[in-house]
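Structure first, then comments.
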Amino acid sequence: MTEDRTQTSWARLAAAIREAREARGLRQADLAELAGISEGTVQNLEDPKHVRRRIPPSLAQVEPHLGWTEGSGLAVLNGGTPTLATAASPRDHSPPATQGGIRSKYSLRIVHELESGDPLLDSQVLSLPGAPGVRMTVIVHGEPDATPEEIQKALVAWRRAERNLQQLPGESDVQAANGS
């Protein structure tokens with residue numbers, strides 16, 4: 001069943017997206033990178049003359065990076081306002097893991113990070129180049145009192161670092177470079 005979009009305001013949504021992005025100090029390229037979409041897609045979302053027949057999936061992808069809750073874009077399209085996401089929750093003061101849990105498996109440095117209660121920004125499991133079957137786990141935490149803008153900037157920095165990690169040379173690349 002197709003939803004009737006005749007009462008929606010794409011221009012209003014475009015302006016709201018642009019305003020929220022600029023308020024966070026993000027460029028279109030930054031928002032695209034955070035949301036995992038192309039810069040052209042962000043440009044289309046912010047184009048007040050770009051009328052669509054359906055809700056683009058990219059709308060849901062940009063909402064959290066604009067500081068909006070899920071469904072806020074649709075609310076704007078239907079004449080409402082976006083609902084702002086709440087700030088990062090304060091530190092978690094839960095008790096440490098029991099024996100046999102993460103404390104028995106990982107170094108204290110890792111356990112400390114996992115139990116820090118700092119807001120989790122992202123995590124990634126990557127294959128370790130040159131070591132088949134070996135994986136590395138990256139956990140990206142933010143500061144507990146970081147503003148939404150600071151968190152967005154940290155996520156942009158992490159996306160850049162993540163790309164660099166994924167481009168580490170594999171064993172065959174190292175052998176080729178060494179003339180093996």
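The values are calculated or read from the model by the stated rules, or taken from the named source; none is laboratory data. All values derive from a computational prediction rather than experimental measurement. In this analysis, Cβ positions are derived from the backbone assuming ideal geometry, glycine residues included, and neighbour counts consider all displayed protein chains. Quick note on the areas: whole protein, heavy atoms, side chains included, nothing else; ligands and nucleic acids left out. Shrake-Rupley method; radii C 1.70, N 1.55, O 1.52, S 1.80 Å.
Restrict the search to the range 43-82; then list the trypsin sites (Lys or Arg not before Pro) that DSSP places in a loop and that have at most 13 other Cβ atoms within 10 Å of their Cβ.
Passing sites in the range 43-82 are Lys49, Arg53, Arg54.
Keeping every protein chain in place, order Val111, Val51, Val138 by accessible area at 1.4 Å, biggest value first, i.e. largest first.
Ranked list, largest accessible area first: Val51, Val138, Val111.
If you rank His141, His65 by how much accessible surface each has, with a 1.4 Å probe, what is the order from largest down?
His141, His65
Which value, in Å² and to the nearest 10, is the accessible area of Thr83 when all protein chains are kept and the probe is 1.4 Å?
We get 80 Å² for Thr83.
So for Glu162, Glu70, Glu115, Glu22, what's the accessible-area order with a 1.4 Å probe, most first?
Glu70, Glu22, Glu115, Glu162
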